[in-house]
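Chemist: Here it is, the structure in full.
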Amino acid sequence: MSGGTESSGGAAAPSRWARECFGKQASGLVAGIPKRLARAHQRARIAHDQADLKKRGPYGHVLAEAVLEELADEARALGGSVRELRGYDFAVLNGWALFPFKYADRPVPLDRARLRADVSAQRKRLLTAHGPEPREGLFPLEEVSTTPEYDKIHEVFEELGRSTKLVSVFFTASRGEGIHSIHWGEAHLEDDRTFTWSPVEPLPLYTAKGR
């Protein structure tokens, strides 16, 4: 893992990797992503509380959509673009699409992040086709499957742009505690539904002024 964001005068500054990806928009994203996730959590918590259900509530579903909406708004504010993919808006800046993913509802290490077995084909294809390639030499070419299923999962989404790559934003959150941790980087989806990263960095949590 990378050493993460740097600090300057008490404010997080973008790393070299972030600047290479996003250029002048990197500083805004380092500050904006934590704030947007915090706002999405607040929206989801309010929706959950208003539902007044005794057991399962809408927190998780609302959070997932609210995060996409908040990141799309951040992209617009920073001069980026928003591209619709099957009814969902994705933030795209400087050729990189932000892919948010809540991997746990408690503060667990990033290396325990794993896709559910019933993950949608769209999400798996998005991670595979637009995510980073496996590390060089990890899989010999003759061992790579070239079946129709393999080709389909590696087919890029034209809606995002053929050359658009993913920066994954992984986080943990719960209704009662809010956002626990945030990491961003380039995540490669493995066959066992775990991830390898190159690079990956923590982002600071948002703290409202006056607290």
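The values are calculated or read from the model by the stated rules, or taken from the named source; none is laboratory data. Quantities reported herein were computed from a predicted structural model and do not represent experimental measurements. We place every Cβ from the backbone using ideal geometry, glycine too, and count neighbours over all the protein chains shown.
Chemist: When segment 154-206 is examined, which residues are found to be more than 13 Å from the chain's Cα centre (by Cα) and among the acidic types (Asp, Glu)?
Modeler: Residues satisfying the conditions are Glu155, Glu158, Glu159, Glu177, Glu190, Asp191, Asp192.
Chemist: Let me ask another. Assigned to a helix (DSSP H, G or I) and without any contact (Cβ under 8 Å) to a residue 24 or more places away in the chain: is that true of Ala40 in this structure?
Modeler: no
Chemist: Pairs, please: C-beta under 8 Å, at least 6 apart or cross-chain, first residue crowded, with 17+ Cβ neighbours inside 10 Å and in segment 112-130, second of a type in the set (Ser, Thr, Tyr)?
Modeler: Cβ pairs passing all conditions: Ala113/Tyr103; Ala113/Thr194; Leu127/Ser168; His130/Thr164.
Chemist: Residues Leu78, Leu63, Leu68: which one is under 15 Å from the mean Cα position of the chain (by Cα), within 27 Å of Pro132 (Cβ to Cβ) and touching a residue at least 40 places away in the same chain (Cβ under 8 Å)?
Modeler: Matching residue, one of Leu78, Leu63, Leu68: Leu63.
Chemist: Quick check on segment 100-111: of everything there that is touching a strand residue (DSSP E or B) at 6+ places or on another chain (Cβ under 7 Å) and not in a loop (DSSP other than H, G, I, E, B), which residue is farthest from Leu63 (Cα to Cα)?
Modeler: Selected residue: Leu110.
Chemist: Would a scan of segment 26-37 turn up a residue that is touching a Gly at 6+ places or on another chain (Cβ under 7 Å) and either more than 18 Å from Ala187 (Cα to Cα) or modelled with pLDDT of 95 or more (or both)?
Modeler: No: segment 26-37 contains no residue that is touching a Gly at 6+ places or on another chain (Cβ under 7 Å) and either more than 18 Å from Ala187 (Cα to Cα) or modelled with pLDDT of 95 or more (or both).
Chemist: List the number of the failed condition for Ile182; all other conditions in (1) modelled with pLDDT under 95; (2) at negative phi; (3) not in a helix (DSSP H, G or I) hold.
Modeler: All conditions are met except number (1).
Chemist: Looking for something more than 18 Å from Pro199 (Cβ to Cβ), exposed (fewer than 13 other Cβ atoms within 10 Å of the Cβ) and not basic (Lys, Arg) - is there at least one such residue anywhere in segment 88-105?
Modeler: The answer is no; no qualifying residue exists.
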